[in-house]
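See below for the structure under consideration.
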Amino acid sequence: MSDFTSSRSFLRQIDLASLDLFVLICEFGSIARAAEHGGMVASAVSKRIAELESLARTPLLLRHARGVRPTPAGQLLLEHARTILLGVEHLRDDLIEYARGVRGLVRLSANASAVEQFLPEHIAVFARLHPDIRIDLRQATSRTVARAVRDHIADLGVCSHSDEAEGLESMPYRRERMVLITPGDHPLVSRQELAYEEALDYAQIGLRDSSIVQEMLDKEARAGRRMLRQRIEVDSLSAMCRMIECGLGVGVMPEGAYQRLGEARRLHAVALSDAWAERSLNLYAIRFADLPAPARHFAAALMQEK
């Protein structure tokens, strides 16, 4: 029987190969298919699962006519196993990089706004000063960025505030102002400023998975008892500019991104008077003092660039 009172005892009884097989079984929904994929016989895989269930003191899989599925305890194990195996993959990559001469890695996740406006220059400055530290940057939505930090997938995150960021430590990184982008010949180009509700008469170009901004736009539409006429969703701010340039609608983006992407296309930016149009981008970590040395150095460098 497993000893849950001792983490070291538990660590010595569980093995990564069994966790990998368990993930495969849950993904395939079949012990036989997982065994085939893993280059093992089904009986050996079943034995590994039996050992995991003995260690967990509870069933992890439900058998049915078409295969298997995880029990509630199995679902919990599956989530932890994926995180553990991802950490092992990061360890493998880090060791490979170390063998190649790279002596540090910063896993950074950031939203599109930070990637399009501020981070490239700051990463470039840091890379010149620290050529032995690699920056692994992944772009995601603000909620996904905060979740990546919370789940130890990223050391640092740069994004706007969301409920997923609750409990994380944060430092202010940059402030940004959202503006409405229109084609150069649009009826709104004569306006210096307007409330977003006034733009609801026109087709909208949305940024796919931009949950925080999208929520605010949806909220404004509901408050005015209007419908958000979102014609097209795109994956990047540059693609949004291209769609607006072609007269397919208007869109909301940070003013700094417009200055980099939209001015050359002869687009026009109108200031938004809504309170939500001014927002902060923050740097997040689970605990800054506990960061690996490369990530601590990078965080300090970002704060010096303010």
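The values are calculated or read from the model by the stated rules, or taken from the named source; none is laboratory data. As the structure is a computational prediction, the values presented were derived from the model and not from experiment. Cβ: placed from backbone, ideal geometry, glycine included. Neighbour counts: every protein chain shown. Areas reflect the complete protein model, heavy atoms only, side chains present, ligands, DNA and RNA absent. Shrake-Rupley method; radii C 1.70, N 1.55, O 1.52, S 1.80 Å.
Rolling a 1.4 Å probe across all protein chains gives residue 255 an accessible area of roughly 70 Å². Solvent-accessible surface of the range 134-292, averaged per residue with a 1.4 angstrom probe and all protein chains in place: 48 square angstrom.
Computed over the range 1-73, relative contact order equals 31 percent, with contacts defined as Cα pairs under 8 Å that lie 6+ residues apart.
Taking the longest Cα principal axis of the chain as reference, the axis of helix 119-129 is set at about 60 degrees. Looking at the range 213-288, the trypsin sites (Lys or Arg not before Pro) that sit in a DSSP loop and have at most 11 other Cβ atoms within 10 Å of their own Cβ are 225, 266, 287. Label sites at residue 300 and residue 275, each approximated as a point 7 angstrom past Cα along Cα to Cβ, lie 3.9 nm apart.
Using a Förster distance of 51 Å, how high is the FRET efficiency between residue 177 and residue 62, based on the Cβ-Cβ distance and rounded to 0.05?
Values: r = 53 Å, r/R0 = 1.03.
Once rounded, the FRET efficiency stands at 0.45.
The simple spin-label model puts a point 7 Å past each Cα toward its Cβ; for residue 264 and residue 43 those points are separated by 6.6 nm. Over the chain, the pair-distance histogram of Cα-Cα distances with 10 Å bins from zero comes to 6, 21, 23, 21, 18, 10, 2, 0 percent, rounded to whole numbers. Of the solvent-accessible surface of the range 36-103, computed with a 1.4 Å probe over protein heavy atoms with every protein chain present, carbon and sulfur atoms account for 58 percent.
Please compute the length gained on full extension between residue 289 and residue 169, using 0.36 nm multiplied by the number of residues separating them and subtracting their Cα-Cα distance. Spell out each step's value before the answer.
Numbers: separation 120, 0.36 × 120 = 43.20 nm, distance 1.00 nm.
Length difference between fully extended and current span is 42.2 nm.
Proximity of backbone amide H atoms, modeled 1.01 Å from N, is registered between residue 207 and 234 at under 5 Å, excluding neighbours fewer than 5 places apart on the same chain. Modelled label positions at residue 69 and residue 88, each set 7 Å beyond Cα in the direction of Cβ, lie 2.7 nm from each other.
Would you mind counting up the charge near residue 286? Only other residues with Cβ under 10 Å from its Cβ, with Lys and Arg at +1 and Asp and Glu at -1. Intermediate results must be reported in sequence, preceding the final value.
Working: positive: 150, 287; negative: 151, 155, 169, 290.
Neighbour charge sum, excluding residue 286 itself: -2.
Estimated from the Cβ-Cβ distance and a Förster radius of 30 angstrom, the FRET efficiency linking residue 192 and residue 245 is about 0.90. Taking every alpha-carbon pair under 8 Å whose residues sit at least 6 apart, the chain reaches a relative contact order of 19 percent. Put simply, the amide H of residue 138, placed in the peptide plane, has neighbours under 5 Å in 108, 109, 110, leaving out anything fewer than 5 places away on its chain.
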